[in-house]
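Each reported figure results from applying straightforward, stated rules to the coordinates on display, with no laboratory input. What you see is a predicted model; the values in this text were computed from it and never measured. Every residue, glycine as well, gets a Cβ built from its backbone with ideal geometry; the counts of neighbours run over all protein chains shown.
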Amino acid sequence: MREFFIPVVLQLAGVIIIVAEIFLPSGGLLSLVAAGLFGYSLFIVFHDISTMAGTYFVLADLFMIPILVVVGLKILVRSPATLKETLSSDSGVVSQSPELESFMGREGKSVTNLHPGGAAIIDNKRLDVVSRGEYIEKDRNLIVVEVTGNQIIVREN
């Protein structure tokens, strides 16, 4: 039974490190450490104990690791570290500036070449605008055809 002590301890340390990886952002470094612990544990079992015991360890790892990841993610979802609110227009969050809608259908003039993005003067305001892929030269008359998100889409008038 003593020969199983070190491999089991290494496996448990790997499990703890996998759980820690879920909660601590390490860029995968903790996962590499856990993989090393699992690998070394399996090496010891296969080399020093028996092939059959090593097979049991591998099977246990194949079931244990995915279950731990799923359980850890479920715990993380319920933890105070995650965002509990949804961002919606009902709670006052808007992704589009309300004033941009007022430019719909307005005419202006390109201040720079639009290929397809550039600047234009619309209602005496300098705005970042885009065309629908076409090249529009500087000092051309434009019309706002669409406002989506924070993007004002124009075409040559």
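Calculated FRET efficiency, Ile6 to Asp128, Cβ-Cβ distance, R0 = 41 Å: about 0.05 to the nearest 0.05. Listed from fewest to most Cβ neighbours within 10 Å, the set Lys84, Lys138, Lys74 follows the order Lys84, Lys74, Lys138. Globularity index of the chain is 1.98 (Cα radius of gyration / 2.2 N^0.38 Å, N = number of residues). Taking other C-beta atoms within 10 Å as the exposure proxy, Ile136, Ile153 rank Ile153, Ile136 from fewest upward. Local charge for Ile75 was computed over the other residues whose Cβ lies under 15 Å away, with Lys and Arg +1 and Asp and Glu -1, and equals +2. Inverting the pair-averaged 1/r between distinct Cα atoms of region 2-78 gives 12.9 Å as its Kirkwood hydrodynamic radius.
Count Lys and Arg as plus one, Asp and Glu as minus one, and take only other residues whose Cβ is under 14 Å from that of Glu156; the net charge is then +1.
Compared with the alpha-carbon gap, the fully stretched path from Ile16 to Arg106 is longer by 26.3 nm at 0.36 nm per residue.
What the Cβ-Cβ distance of Ile121 and Glu146 gives, at R0 = 30 Å and to the nearest 0.05, is a FRET efficiency of 0.95.
Taking each DSSP H run with n ≥ 4 as -39500 (n - 2.57) and averaging over every residue of the chain yields -14000 deg cm²/dmol at 222 nm. Based on Cα contacts under 8 Å between residues 6+ apart, the chain shows a relative contact order of 15 percent.
Contact order for region 96-156, expressed relative to its length and based on alpha carbon pairs under 8 Å spaced 6+ residues apart, stands at 36 percent. The C-alpha atoms of the chain define a longest principal axis, and helix 5-23 lies at about 10 degrees to it. On a 0 to 90° scale, report how tilted helix 29-44 is relative to the longest principal axis of the chain, with both axes built from alpha carbons and the result rounded to the nearest 10. Result, in degrees: 20. Ordering 49-60, 32-43 by mean Cβ neighbour count within 10 Å, with the highest value first, yields 32-43, 49-60.
Legend: ranking of residues Leu142, Leu30, Leu76, Leu62 from fewest to most surrounding C-beta atoms inside 10 Å; resulting order Leu62, Leu76, Leu30, Leu142. Taking the C-alpha atoms only, the angle from helix 51-78 to the longest principal axis of the chain is near 40 degrees.
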